[in-house]
Amino acid sequence: MIWVELLIVLVCIFVGARLGGIGLGTAAGIGLAVLVFILGLPPGMPPRTVLGMIIAVVTAAATMQAAGGLDYLVTLADKALRIWPAGITIVAPVVAYVFTLAAGTGHIVYALLPVIAEVSRKAGVRPERPLSIATIASQQAITASPISAATVALLGLLTPAGVHLWQILLICIPSTLLGSLIGALAVMWKGPELKDDPIYQDRLAKGLVTPPASATV
C-alpha cells in the first residue's frame, strides 16, 4: 500500500510541475483528497507555526516592495552589473543571488533580466549565458535566504529536531552560492560569441534585431 501512496504523490508532483502556477496547488489538493478519502489515511494537523511564519515573511516582503525597497535594490543591482561588462556571466548570477538573498524573494530577478541582456549584448556576450545562470542563482538563493518563505518553512519542520536557523544557513548559503558559480562556469563558453554568430549578425544587418540600447529599470 505504501508504494501506491508514494506513486500517487509522485504523479501529483509530476503533473503539478508540468501545469505550473495554480495547477501545482490543484494537483496537490487532488492527491491529498485521494490519500484521505479513498485510501483512508488520517489527515494531519495543519502546521500553524509554519503558516504563521510564512505569512509574516510574505507580509514583510510586500511591505518592503510597497515602501520602494525593492526598487532601490534593483537600482543598486543595475550599477553592480555594469562594473565588469565582459564578465557579466559571472557577475549576473552573483548579483541575482545576493539580492534575492537580501530580499527573500526571487521576483527581484524579473527586473534584472532586461539589464543583464542589455549589458551582455553591449559587451558582445551571448545573453543566454548570464540570463540562464542568473535565473538559476536567484532560485538557489531563495533556499538560502533567512527571510524567504522556503527557509522559514524548513526551519519550522526542523526545529523539533533541534536544528536552528544558523545551522541551515551554514549549509545552504555556501553550497548554493558555490553551485551557482560552478553553473556560471558551465555556461561561460556556451555557443559562439555574438560577433562570430552568423545568424545574429545576419539578423542585425537586416534590422530584425535592434542594436543594444540602455534598459529602463
Inset, instruction - Please specify each residue of the range 120-131 satisfying the condition of being touching a residue at least 40 places away in the same chain (Cβ under 8 Å), within 18 Å of Asp78 (Cα to Cα) and surrounded by 20 or more Cβ atoms within 10 Å (Cβ to Cβ). - result: Arg121, Val125, Arg129, Pro130
Legend entry - Selected residue [without any contact (Cβ under 8 Å) to a residue 40 or more places away in the chain, surrounded by 12 or more Cβ atoms within 10 Å (Cβ to Cβ), in the same structural domain as Thr105 (by TED's automatic domain parsing) and of a type in the set (Gly, Ala, Ser)] from Gly156, Gly179, Gly191, Gly162: Gly179
Legend entry - In the range 132-153, the residues that are surrounded by fewer than 20 Cβ atoms within 10 Å (Cβ to Cβ) and either without any contact (Cβ under 8 Å) to a residue 40 or more places away in the chain or assigned to a loop (DSSP other than H, G, I, E, B) (or both): Thr135, Gln139, Thr143, Pro146, Ile147, Ala150
Inset, instruction - Among the residues of the range 107-119, write down those that are under 25 Å from Cys172 (Cα atoms) and crowded, with 20+ Cβ neighbours inside 10 Å. - result: Ile108, Val109, Leu112
Legend entry - Filtered residues of the range 66-84 (kept if part of a helix (DSSP H, G or I) and either among the hydrophobic types (A, V, I, L, M, F, W, C) or surrounded by 16 or more Cβ atoms within 10 Å (Cβ to Cβ) (or both)): Ala66, Leu70, Leu73, Val74, Leu76, Ala77, Asp78, Ala80, Leu81
Inset, instruction - Pairs only if they're at least six apart or on different chains, beta carbon under 8 angstrom, first in the range 27-45 and without any contact (Cβ under 8 Å) to a residue 12 or more places away in the chain and closer than 9 Å to Cys12 by Cα, second surrounded by 13 or more Cβ atoms within 10 Å (Cβ to Cβ) and of a type in the set (A, V, I, L, M); list them, first residue then second. - result: none
Legend entry - Pair list, Cβ < 9 Å and 6+ apart or interchain, from the range 198-217 residues that are aromatic (Phe, Trp, Tyr) and outside any loop (DSSP other than H, G, I, E, B) to residues that are modelled with pLDDT of 80 or more and surrounded by fewer than 13 Cβ atoms within 10 Å (Cβ to Cβ): Tyr200/Pro192
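The values are calculated or read from the model by the stated rules, or taken from the named source; none is laboratory data. Bear in mind that the values here come from a model prediction, so they are computed numbers and not experimental data. Glycine gets a Cβ as well: all are built from the backbone with ideal geometry, and neighbour counts include every protein chain shown.
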